[in-house]
Amino acid sequence: IRMFADMYPDEVAAMVYVDGSHEDYYTYLQSTMTEEEWQELKQKEAQQMAFAPEAIKQEKALFSVSEEQVRNTVIPDVPFIALSSSKTSPPYVTEEVIETFQGMHASLVEQVSPENGIHIIVEDTGHNIATENPEAVIDAIKTALEMVE
């Protein structure tokens, strides 16, 4: 959504960012691990990807390209609500990693004016906020729409 918003800012009335990726996340995550842990995580991801739909495999294969594309995007000054997960996923996604990822989301919110930016940490949810707590997503969308009116 950040690429679209950067390319077509006049077409964007509001944005709801649901535990979205951040271009610095994997670099940061790798910095918190030993080389052995990083390789183990990559191996687990590869095993999971074996069962993923083709579109997900293609998206994952181009993730580093996507990271670079969004690195220099500008978020238009429209209502921007970022939802962040709160659950850890040991052994790699620790409390420190979650807090850093939440901080990355907060830094995106800070790119818009204070009256347009909202960062919400959705308690007791992992990365799949939309399925674990759909009401949080619905509420964020409603809030964004109210802010536009």
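Just so you know, all these numbers are worked out from the coordinates, no wet-lab data involved. Here the structure is a predicted model, which means the values were calculated and not measured. Heads up, the Cβs are rebuilt from the backbone with ideal geometry, glycines too, and the neighbour counts pull from every protein chain shown.
Scan the range 8-43 residue by residue and report those that are small (Gly, Ala, Ser) and assigned to a helix (DSSP H, G or I). If you could, list the steps in order and put the result at the bottom.
Of the range 8-43, the ones small (Gly, Ala, Ser) are 13-14, 20-21, 31.
The one that is small (Gly, Ala, Ser) and assigned to a helix (DSSP H, G or I): 31.
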Conditions (1) within 14 Å of residue 22 (Cα to Cα); (2) surrounded by 14 or more Cβ atoms within 10 Å (Cβ to Cβ); number of the one not met by residue 107 = (2)
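Scanning for something among the small types (Gly, Ala, Ser) and closer than 17 Å to residue 41 by Cβ, does the range 88-97 turn up at least one residue? Step through it out loud before you land on a result.
Step one: list which residues in the range 88-97 are among the small types (Gly, Ala, Ser), which gives 89.
Restricting the remaining residues to those that are closer than 17 Å to residue 41 by Cβ gives 89.
Checked against the condition, which is being among the small types (Gly, Ala, Ser) and closer than 17 Å to residue 41 by Cβ, the range 88-97 yields at least one hit.
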Of the conditions (1) surrounded by 14 or more Cβ atoms within 10 Å (Cβ to Cβ); (2) closer than 23 Å to residue 33 by Cβ; (3) among the charged types (D, E, K, R), residue 95 clears all except one; give me its number.
-> (1)
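Being of a type in the set (Ser, Thr, Tyr) and surrounded by fewer than 12 Cβ atoms within 10 Å (Cβ to Cβ) is the filter here; which residues of the range 5-52 pass it?
Residues of the range 5-52 that are of a type in the set (Ser, Thr, Tyr), as a first pass: 8, 17, 21, 25-28, 31-32, 34.
8, 27, 31, 34, listed by residue number.
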Are any residues in the range 97-128 over 16 Å from residue 79 (Cα atoms), touching a residue at least 24 places away in the same chain (Cβ under 8 Å) and in a helix (DSSP H, G or I), and if so, which ones?
-> 97, 100, 101, 104
Looking for whichever is assigned to a loop (DSSP other than H, G, I, E, B) and of a type in the set (A, V, I, L, M) here; the options are 46, 5, 82, 52. Which one fits?
-> 52
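Of everything in the range 129-147, what is out of contact with any Pro (no Cβ under 6 Å at 6 or more places or on another chain) and either touching a residue at least 40 places away in the same chain (Cβ under 8 Å) or on the phi > 0 side of the Ramachandran plot (or both)? Give them in sequence order. Break it down stepwise before answering.
Step one: filter the range 129-147 for residues out of contact with any Pro (no Cβ under 6 Å at 6 or more places or on another chain), giving 129-143, 145-146.
Within the range 129-147, 129, 130, 136, 137, 140, 141, 143, 145 qualify.
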